[in-house]
Structures are given as C-alpha cells and as structure tokens.
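S.K.: Below: one structure in structure tokens.
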Amino acid sequence: MSNLRTLGEFIVEKQNDFPAASGELSSLLSSISLAAKIVHREINKAGLVDIAGAAGVENIQGEAQQKLDVLANDTFKSALEARDQVCGIASEEEDEEVSFTNARNQNAKYVVLMDPLDGSSNIDVNVSVGTIFSIYRRISPVGSPTQKEDYLQPGTEQVASGYVIYGSSTMLVYTTGAGVHGFTYDPSIGVFCLSHENMTIPNEGRVYSINEGNYVKFPLGVKKYIKYCQEEDTSTNRPYTSRYIGSLVSDFHRNLLMGGIFLYPSTRTYPSGKLRLLYECNPIAFLMEQAGGTATDGEKRIMEIKPTELHQRVPFFVGSNAMIETLHGFIEQNKHQY
Ligand code: P6P
C-alpha cells in the first residue's frame, strides 16, 4: 500500500501545527496510541477472560484482575507518566487530579484530562466504547507540582484533543487545531494508519441521538425539537432517523461521518446534565468545531464555559450547524419550561 501513512509519520509531517513543539506532540500522542493498543488488546479478549465485569478475580499470573475501566485508567496514566511531556492528569476514574512526582515530569509543560474508558458498561454487551482525551499547557510554574488551575481551564485553551473508538475497528481521531484526522489501527502490524484526513461534518444531517427514555424529564424546548425531528416534511428530509448507542464516542463518531445531532440535556433529576465538561464535552467540542460543527450547552459555546470543578457536568448538544441552530430556536422559545 503505497499511500500508507502512520500516525507517527503524520504527526511529524504536521509538526508545525503544534505551536512551540519540538517533537513534544509526537511523543505525547505516541504514548496515547501505545496505551490505546494495550486497551484494544484487553477489550478484545474481555469476553474470554472475564475482565469486563469481574473485579478481584485472579488471572493466570495470579495478579488481581482489574475491571477494564480501572485497567484503562492505569494504562493511560502510566504511559503518560513514562514520557517527558506530561506533568499530571485528571481522569473520570480519579477523584482528584494526579500530579506526577518525579522531577522529569514536573519539568513538563502539559496536562492531560481523560475519560479512559467511556461507556464501559457497554463492554459486557459487546457494544463499542471509547477513550476521550484533552491536552492543555500547564499554568503553574514548570518544575513544581501541578495546581488545580492547570486542570480548570476553558476548552478554548486546549492544544489538542481526541478519542479512541474501540469498535468494529479501533480508530484514533485527534485535532491540534488544524483539522480533524482519523487513523485506523492495523493489529497485524501494530500501527495506526491514516484513514480519514481532514474529517468534516455535513452542515445538515438526518440523524438525531438522544435517550428518549428520559423524554418526560426534558426541558420543553428539547421535547419540541424531538417532535420536530419526527414530523413528516419531505422538504426538510424529515422525519429524521433516531440512532442512540449509549456510548458518547460511538454516537459522536457516526454523526461526525454522516451528519447529525447528539443531545444530552439537563433533566429535572439532573439539572446540570450527565456528561462531564472537562474530559467528555470539551475534547469532543474541540473536535466538532474543528470539523465545522457546533457544540453548546443549549445557549453558549461549550468551550467558553469556565470550569469550577474537575467532575462538573453540563447539558451537551453537539453536531451539524443547521440542526443545532434549529434546536436553539426551540430552546429559546420555551426557556425554563418543562
Ligand atoms: P444514558 C456512558 O455511560 C455515557 O457516559 C456516555 O458515553 C453516553 O453518551 C451516556 O453516558 C449515556 O447515558 O443516560 O443515556 O445511559
């Protein structure tokens, strides 16, 4: 295959897209792709060796069996700590941020926020899951432990973000602010190969993704938008198609490729929504904007929200511009009504 371009080669080629980098991005992203290969391997044997659900079961080496989301967290954390570029991480699996303690890491310039295995409950039913990551420059002085402020930056400060989707094939999709690029993993040679250069989302789509089981708890504007999606109107290609996998990375990846809108609104039970701002919504929002789409909390740009705590949740609407615009109209007309 003459046009085979690996993730490593592509990053070096695009090196100048990553400001003030001297190979830092390639090393940082290669540690992420290394961890992704390990998680890919563990996920693909989960059903065989019962890693998926069983915590506390011993494997053949007599080691304590880890649940996959804990295993994914530990794998990404140690891969990132092993390199010189990262001084700390925040993770859905860690109550507080983890500031790496050795001098090498404390002299590093970047922090990584991640959801190491998003949608892990889907593993037991063989549905695809994903890793989501977001990379920032630290604010606190180099050479010291990280501070909370390093992790509580608005999404506009991201220098890179991406996801790994462990689906029918494993893909790594990332942006450094110069477009969105997708790489498909070839396990036979152990490399991620460029398969989707400059991914862009269509301005219109026909897919809406939302957990309609929560319909009665949605704000009135969201209810009216769902009914709009279901109305018969051939001039606007409606009714749309409802597709909901229940795994953010999978629903997002499909909509990125085909066009569409993903909605996780606030509900009466969860007034701030369910999805996490720092390591789910911001990285996905960065990718969406770079692919020509929109990501909001129903009113304002997700990436302009000033975070106040590591695990804070926000309502999340992401997808094709025209669909988000129509949704905003319904939300605006029916503010604060359920
Ligand atoms: P619900 C998975 O648990 C997750 O965090 C996202 O990946 C997914 O989009 C969402 O929650 C699904 O939530 O309430 O519809 O099951």
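S.K.: Determine which single condition Ser128 fails, assuming it passes every other condition in (1) in contact with a Gly (Cβ under 7 Å, 6 or more places away or on another chain); (2) away from the ligand (no atom under 16 Å from the Cβ).
M.R.: Here Ser128 clears every test but (2).
S.K.: So is Ala36 open to solvent by less than 40 Å² (accessible area, probe 1.4 Å), out of contact with any Pro (no Cβ under 9 Å at 6 or more places or on another chain), among the small types (Gly, Ala, Ser) and at pLDDT 90 or above or not?
M.R.: Yes.
Yes/no per residue for (1) open to solvent by 10 Å² or more (accessible area, probe 1.4 Å); (2) farther than 18 Å from Glu204 by Cα; (3) assigned to a helix (DSSP H, G or I); (4) without any contact (Cβ under 8 Å) to a residue 12 or more places away in the chain:
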{"residue": "Lys224", "(1), (2), (3), (4)": "yes, yes, yes, no"}
{"residue": "Asn255", "(1), (2), (3), (4)": "no, no, yes, no"}
{"residue": "Thr269", "(1), (2), (3), (4)": "yes, yes, no, no"}
{"residue": "Gly273", "(1), (2), (3), (4)": "no, yes, no, no"}
{"residue": "Tyr279", "(1), (2), (3), (4)": "no, yes, yes, no"}
{"residue": "Glu289", "(1), (2), (3), (4)": "yes, no, yes, no"}
{"residue": "Phe317", "(1), (2), (3), (4)": "no, no, no, no"}
{"residue": "Phe330", "(1), (2), (3), (4)": "yes, no, yes, no"}
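S.K.: Quick one: which of Thr146, Thr101, Thr156 is part of a loop (DSSP other than H, G, I, E, B) and at pLDDT 95 or above?
M.R.: Testing whether each residue is part of a loop (DSSP other than H, G, I, E, B) and at pLDDT 95 or above leaves just Thr146.
The values are calculated or read from the model by the stated rules, or taken from the named source; none is laboratory data. Predicted, not measured: the structure shown is a model, and the values here were computed from it. Ideal geometry is used to build each Cβ from the backbone, glycine not excepted, and the neighbour counts take in all protein chains shown. Surface areas here come from the heavy atoms of the whole protein model, side chains and all, with no ligands, DNA or RNA. Shrake-Rupley method; radii C 1.70, N 1.55, O 1.52, S 1.80 Å.
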